[in-house]
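Since the structure comes first, as structure tokens, the remarks are kept for the end.
Every read-out reported here was derived from the displayed coordinates using simple, explicitly stated rules and does not represent laboratory data. As the structure is a computational prediction, the values presented were derived from the model and not from experiment.
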Amino acid sequence: MPLTFDDLLARARALPRAGHRTVLGVAGSPGAGKSTLAEHVVRALNADGEPWVAHVPMDGFHLADAELDRLGRRDRKGAPDTFDAAGYAALLRRLREETDETVYAPGFDRVLEQPVAGTVPVPPSARLVVTEGNYLLLDTGLWARVRPRLDEVWFCELDEPERVRRLVARHEEFGKSHQEAVAWVLGTDQRNADLVAATRSRADLVVPPSALPPGRRAA
């Protein structure tokens, strides 16, 4: 039987253990549907009643453009070394261990294309945290600290032409011309996508497009 969205909800609902907060990671290449899947899982599980699931994207750990300029990495924004990987790993540790008080995570403003501190609260009532990002399964450098702090990781897989189409449309939505969007997607984004695709085998579960929520499969 093909994996369904309901199967994913059942799996996520069963993850938390008594007395422990669980962290579920959703990985995948740029444009593969990580954010969409995470948002729908969180919304569906919280519809059970009192909210008990929080969503913490990895994108809040982008380095600011000013720092990327200083480091000479602005033209590679989105690559592994343009994030604060150690900061992200430290947050995951806090989320697992500091369950008696609200933990604040940074968010990412898609209009400004900049991280924004303290915009994602994770209250003590959150028994499951869903976090998503490209490099959750990367095992090199400081990124190697991330996977041990995740209880389970799902990998979003999407046909390459559709992934590229979605990514171009996203860049256009946030201000790039079509030519600029295509150049970025086939250059910087594609190098990152190839790196992420090589981590697929480290996931606990590969999520096909058929398991996306109804109405999102052809978005």
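When you restrict to C-alpha pairs under 8 Å that are six or more residues apart and normalise by the size of the chain, the relative contact order lands at 32 percent.
In terms of the ratio Rg/(2.2 N^0.38 Å) built on C-alpha atoms, what value belongs to region 152-195? It would help to have the intermediate numbers written out before the result.
Values: Rg = 11.4 Å, N = 44, 2.2 N^0.38 = 9.3 Å.
With N residues counted in region 152-195, Rg over 2.2 N^0.38 Å equals 1.23.
If you look at the Cα atoms of region 5-210, you get an Rg and a Dmax of 16.6, 52 Å.
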